[in-house]
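Okay, so here's the structure we're looking at.
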Amino acid sequence: LIGQDSFPGSTTFGGLPFDAYRAVTATLIGWAMKHLRFCDLLVRKNPDTQLANVITTARLREDMVRDLADALQIERSEASRALNVLIMNHENVNKHYALSAGSAPPLLAIGDDFLLESAYGWQSEPYIFMLSGLRRNYETDWDRGVGLREDMFRTELYGLFKWADAVT
């Protein structure tokens with residue numbers, strides 16, 4: 001998906017490496033894909049079930065943090081920080097849309113305790129939403145990371161040409 005390779009994995013945002021944000025996002029995408037498949041099977045087995053009634057779920061934020069920390073073997077505080085960039089709430093909705101060209105949010109905050117998981121949000125460029133959250137939450141780290149991204153791009157580009165060894 002677009003955006004998952006935007007920075008070197010060791011680039012830090014808010015003290016966490018980009019790899020941690022990418023791992024949390026990838027894990028949640030996988031869980032969402034599994035949930036969609038289970039919903040499809042449920043509707044096939046029980047045609048009276050309305051897909052719209054089972055596809056979107058609400059979860060306690062702390063349960064999601066715990067499950068992510070356990071799955072990825074990271075601290076709960078790290079899972080929580082990484083999760084924060086994937087959530088749209090009343091505080092960040094305007095800035096998010098200004099930064100991300102309207103990508104759909106994968107998670108919507110319902111009050112302080114619950115998150116609504118959006119099946120559409122996990123299928124419509126979730127890494128773009130993640131990048132928007134990183135930029136929104138960690139502006140200084142973002143600016144520093146962009147410089148690293150340019151170095152990474154240059155190295156990859158030069159690697160495509162044999163003459164690049166003489167230049168670098």
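The values are calculated or read from the model by the stated rules, or taken from the named source; none is laboratory data. Since we're looking at a predicted model, the values are computed, not measured. Cβ placement follows ideal geometry from the backbone for every residue including glycine, while neighbour counts extend to all protein chains displayed. We work out accessible area using only protein heavy atoms, side chains counted, and drop any ligands, DNA or RNA first. Shrake-Rupley method; radii C 1.70, N 1.55, O 1.52, S 1.80 Å.
Annotations for the structure displayed:
- Residues of the stretch 28-42 satisfying the condition of being free of Cβ contacts under 8 Å to residues at least 12 places away in the same chain and open to solvent by 40 Å² or more (accessible area, probe 1.4 Å): W31, K34, R37, F38, D40, L41
- Qualifying residue in the stretch 88-100 (condition: of a type in the set (S, T, Y) and open to solvent by 70 Å² or more (accessible area, probe 1.4 Å)): yes
- All of T25, T57 fail the test of being open to solvent by less than 50 Å² (accessible area, probe 1.4 Å), over 28 Å from V146 (Cβ atoms) and among the polar types (S, T, N, Q), apart from T57.
- Scanning the stretch 107-128 for residues that are at pLDDT below 90 and either touching a strand residue (DSSP E or B) at 6+ places or on another chain (Cβ under 8 Å) or open to solvent by 70 Å² or more (accessible area, probe 1.4 Å) (or both) yields D112, S118, Y120, G121, Q123.
- The single condition from (1) part of a loop (DSSP other than H, G, I, E, B); (2) of a type in the set (S, T, N, Q); (3) surrounded by fewer than 19 Cβ atoms within 10 Å (Cβ to Cβ) that S103 fails is (3).
- If the condition is being open to solvent by less than 60 Å² (accessible area, probe 1.4 Å) and either over 13 Å from L83 (Cβ atoms) or touching a residue at least 60 places away in the same chain (Cβ under 8 Å) (or both), then the stretch 129-138 contributes M130, L131, S132, L134, R136, Y138.
- Pair list, Cβ under 7 Å, 6 or more apart: the stretch 80-104 residue modelled with pLDDT of 90 or more, other residue aromatic (F, W, Y): A82/Y21; V85/Y21; L86/F129
- Count of residues meeting criterion [open to solvent by 70 Å² or more (accessible area, probe 1.4 Å) and among the small types (G, A, S)] in the stretch 60-76: 0
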